[in-house]
Amino acid sequence: MTLSSKTKKIAIIGGPSSGKTSIINQLMNKGHVCMEEISRKITLKAQNEGVDQLFLKDPIWFSEQVLGARKKQFIDANTANSPFVFFDRGLPDVIAYLDYIDSNYSEEFINSCKKHKYDKVFILMPWKDIYIQDNERYETFEQATEIHEYIIKWYTSFNYKLVEVPQSTLQNRLDFILNNI
């Protein structure tokens, strides 16, 4: 756990389309410091360069880019002038996705997760009613549910106590997170 004088790092995790980004956007609208999901930006950049699904084409290179960007976000959070910084996903998500596709990866992925630990982790459960596929989200709801299980596996393997956010309105979910920091 970080010292009380440092910014606490709060990860909001879960499978694809479980409501993470909606919560992050709402937190930002309320003036909280947030680190946005980086993989969408990397995916969009690749699509603009003619690569439809970079993660599927070159999962290691893609994951190295995401890991590096998430580490930078983690380090940048230390300079935030705020008691809390919220993250749309965390470092262990990278390993979860690689495991989901049964890909090998270097020990650097594990070491990065061990070195950069979040103070609190909120998890959003798969929720079919809000699930949407789009240009960057290629997974079906069933695949998203399976990815969610890999996410749980990896966060618990790094000894995180996951706090489940109830499925409710966006405002209720936001209130739950803010009341349980």
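Structure notes:
- Residue check for D88: buried (at least 21 other Cβ atoms within 10 Å of the Cβ), closer than 26 Å to I75 by Cα, in contact (Cβ under 8 Å) with a residue 40 or more places away in the chain and in contact with a helix residue (DSSP H, G or I) (Cβ under 6 Å, 6 or more places away or on another chain): yes
- Identity of the residue in region 139-166, touching a Leu at 6+ places or on another chain (Cβ under 8 Å) and either modelled with pLDDT under 95 or part of a helix (DSSP H, G or I) (or both), that ends up surrounded by the fewest Cβ atoms within 10 Å (Cβ to Cβ): T156
- The set of residues in region 91-115 being crowded, with 18+ Cβ neighbours inside 10 Å and part of a loop (DSSP other than H, G, I, E, B) consists of L91 alone.
The values are calculated or read from the model by the stated rules, or taken from the named source; none is laboratory data. Because the structure is a prediction, the values reported are computed rather than measured. With ideal geometry, Cβ positions are generated from the backbone for all residues, glycine too; neighbour counts draw on all protein chains shown.
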